[in-house]
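Below is one structure, written out as structure tokens, with a few remarks after it.
Readers should treat all values here as calculations from the given coordinates under stated rules, not as data from a laboratory. These numbers come from a predicted model, not from an experiment. Cβ placement follows ideal geometry from the backbone for every residue including glycine, while neighbour counts extend to all protein chains displayed.
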Amino acid sequence: EVVDERGIEPNPYRVGFLQLVGVADTDAEAERIYGPHADYFYNRCLHVYEGFADAPGYRTTETLRRGFKPQFGLAAAKARANLTFKDFVDQGYVIAGSPSTVREQLGEAMKSMRVGHLMVLCHFGNMPPEVTQRNTELFAKEVMPYMKEMWGEYEDRWWPQPAADRATPAVLP
């Protein structure tokens, strides 16, 4: 078992990350389809009381030292207020575009953060069911198969296993 200088195994499956994703036939189509929904989500759905935006103990001293800012609250809302869809994409709020663009951006994000468990949000904002369904289908067929084996050299010991493989049935009298 390999460990880093802190004694932690560098297995990417130790980490999970949620990412909004929009897949379309082209990058331009993704902007047209998902732009309004990203704007709606980030500027109308994330109303969190300022006192809860950065609750005590929520962030570590190291996080504070590095200058990471809370994603919720008044300051975060003001920072997002005038962002364009290109800004949302460039700043990593949303990964969107053609299947090849999404594969590339998602792969870069997963590698740079060393994330093994990616939670993909294919429905965001005020997206209607048919747009969500098309997005989900394109992601499942054109993106997900390429991401599945990114960390194939590591064992995923954190993924839930079926109960039948772990549990022994009780013997009743």
Can you give the log10 of the normalised intensity I(q)/I(0) at q = 0.21, 0.22, 0.28 Å⁻¹, computed with Debye over equal Cα scatterers of the stretch 127-167?
-0.79, -0.80, -0.90
Relative to the compact-globule scaling 2.2 N^0.38 Å, provide the ratio for the alpha-carbon radius of gyration of the stretch 93-155.
1.16
Counting all Cα-Cα pairs in the stretch 1-41, those more than 16 Å apart amount in percent to 58
FRET efficiency, 1/(1 + (r/R0)^6) with R0 35 Å, evaluated for D156 and R32 via beta carbons
0.45
Using amide H atoms built in the peptide plane, which far-off residues or other-chain residues are under 5 Å from L121 H to H?
Q19, L20, V21
